[in-house]
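Novice: This is the structure, below, for whatever I ask next.
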Amino acid sequence: MSQQDSEQVTVRTFGGPTAVIEYGGLRFLTDPTFDGPGDHPSPGPTLTKTAPSAAAPADLGPLDVVLLSHDEHADNLDTSGRALLADVPLTLTTPGGAQRLGGRTKGLADWEPVVLDRPGGGTVTVTGVPAVHGPGPREKVEPYTGQVVGFVLTGHDLPVVYVSGDNASLDAVREIAERFAPVDTAVLFAGAPRFPVLFDGAPLVLDSAQAAEAAGILGARRVVPVHHDSWAHFTEGRDVLEAAFDAAGLADRLDRDWMRRA
């Protein structure tokens, strides 16, 4: 990653899947989760948050866009996160999520772009990209875990940023790489979340080894892992992620500040 690229993309993580990305003069928030620790309702198994977020919504400052991979699980959108959506000009999410949430939300199909004006001129394009929330093809996974979308951010003279959302499919990553690689910054949802009652306990999102493989497929110059801490069903944390990137010879791709939660 060049010095210029690193200066153009700032990513601050807050625990779970939640991060602020500053890009092209705009401020994007991924999957907002700010409720305190405890049990949280969700279709299917109960989700248990184990640690507080590193900030409250009031601490974030102005936001331009929420990139919401899906709205159906509390570890991606909780009560505080839902309240925050009302104060953000635009939320991009799945087509089904946009119907459920209403308000200032827009659903993105695969490869559908949205063009946003940048302060001072120019534009940023956000493209919806495929994501599969579990092992296997979409048509077999979505009835159990729902529809998910990832995002790619691009702009003239700007680096490419990929936000995976809750994706477990390396085939989807390969499709994205065919269109957008090399990626400058990949915000990869990882953590290998598992439930014995779903898909025989297989990961519902990338495990650590898959995250490293995804970084290689994308040609990512920098990887910021999220979605690996603060919830009981995340089974692989920082140590496992670092070991996987070391084993893949990609340790230099991990952002050295990736665990310094703001």
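Novice: If you scan region 184-205, which residues turn out to be under 19 Å from D31 (Cα atoms) and either in contact with a strand residue (DSSP E or B) (Cβ under 9 Å, 6 or more places away or on another chain) or among the polar types (S, T, N, Q) (or both)?
Specialist: Listed by number, the residues that qualify are T185, A186, V187, L188, F189, A190, G191, P193, V205.
Novice: Counting residues that are modelled with pLDDT under 95 and within 26 Å of D35 (Cα to Cα), which helices (runs of 4 or more DSSP H) fully inside region 165-262 reach at least 1?
Specialist: So the answer is 238-247.
Novice: Please tell me if A181 is in contact with a strand residue (DSSP E or B) (Cβ under 6 Å, 6 or more places away or on another chain) and more than 23 Å from K49 (Cα to Cα).
Specialist: no
Novice: Out of (1) part of a loop (DSSP other than H, G, I, E, B); (2) without any contact (Cβ under 8 Å) to a residue 60 or more places away in the chain, what's the single condition that is false for P119?
Specialist: The single condition P119 does not satisfy is (2).
Novice: Now for a separate question. Could you give every pair whose Cβ atoms fall below 8 Å, whose first residue belongs to region 7-34 and is closer than 29 Å to H233 by Cα and in contact (Cβ under 8 Å) with a residue 40 or more places away in the chain, and whose second residue is part of a strand (DSSP E or B) and aromatic (F, W, Y), counting only separations of at least 6 or pairs across chains?
Specialist: These pairs meet every condition: G16/W231; P17/F189; V20/F28; I21/F28.
Novice: Can you tell me which residue in region 18-77 is nearest to G155 (Cα to Cα), limited to those that are of a type in the set (G, A, S), surrounded by 18 or more Cβ atoms within 10 Å (Cβ to Cβ) and in contact with a Gly (Cβ under 7 Å, 6 or more places away or on another chain)?
Specialist: G24
Novice: Right, another one. Failed condition for F189, given (1) surrounded by fewer than 24 Cβ atoms within 10 Å (Cβ to Cβ); (2) closer than 21 Å to G216 by Cβ; (3) among the hydrophobic types (A, V, I, L, M, F, W, C), with all others met?
Specialist: (1)
Novice: Could I ask something else about it? For V129, are the conditions met, namely being in a strand (DSSP E or B) and either modelled with pLDDT of 95 or more or farther than 21 Å from E213 by Cα (or both)?
Specialist: yes
Novice: If L158 satisfies every condition in (1) in contact with a helix residue (DSSP H, G or I) (Cβ under 7 Å, 6 or more places away or on another chain); (2) surrounded by 21 or more Cβ atoms within 10 Å (Cβ to Cβ); (3) within 24 Å of V114 (Cα to Cα) but one, which is the exception?
Specialist: (2)
Novice: Which of (1) of a type in the set (G, A, S); (2) under 21 Å from F234 (Cα atoms); (3) surrounded by 14 or more Cβ atoms within 10 Å (Cβ to Cβ) is the odd one out, the single condition G107 does not satisfy?
Specialist: Going through the list (1) of a type in the set (G, A, S); (2) under 21 Å from F234 (Cα atoms); (3) surrounded by 14 or more Cβ atoms within 10 Å (Cβ to Cβ), G107 breaks only (2).
Novice: Restricted to region 92-107, and to residues that are part of a loop (DSSP other than H, G, I, E, B) and in contact with a strand residue (DSSP E or B) (Cβ under 6 Å, 6 or more places away or on another chain), which residue is modelled with the highest pLDDT?
Specialist: Residue satisfying both the conditions and the ranking: T94.
Novice: Going residue by residue through region 51-73, is there one that turns out to be acidic (D, E), out of contact with any Cys (no Cβ under 6 Å at 6 or more places or on another chain), farther than 16 Å from V163 by Cβ and in contact (Cβ under 8 Å) with a residue 60 or more places away in the chain?
Specialist: yes
The values are calculated or read from the model by the stated rules, or taken from the named source; none is laboratory data. Owing to the predicted nature of the structure, the values given are computational and were not obtained by experimental measurement. Cβ atoms come from the backbone with ideal geometry, glycine included; neighbour counts cover every protein chain shown.
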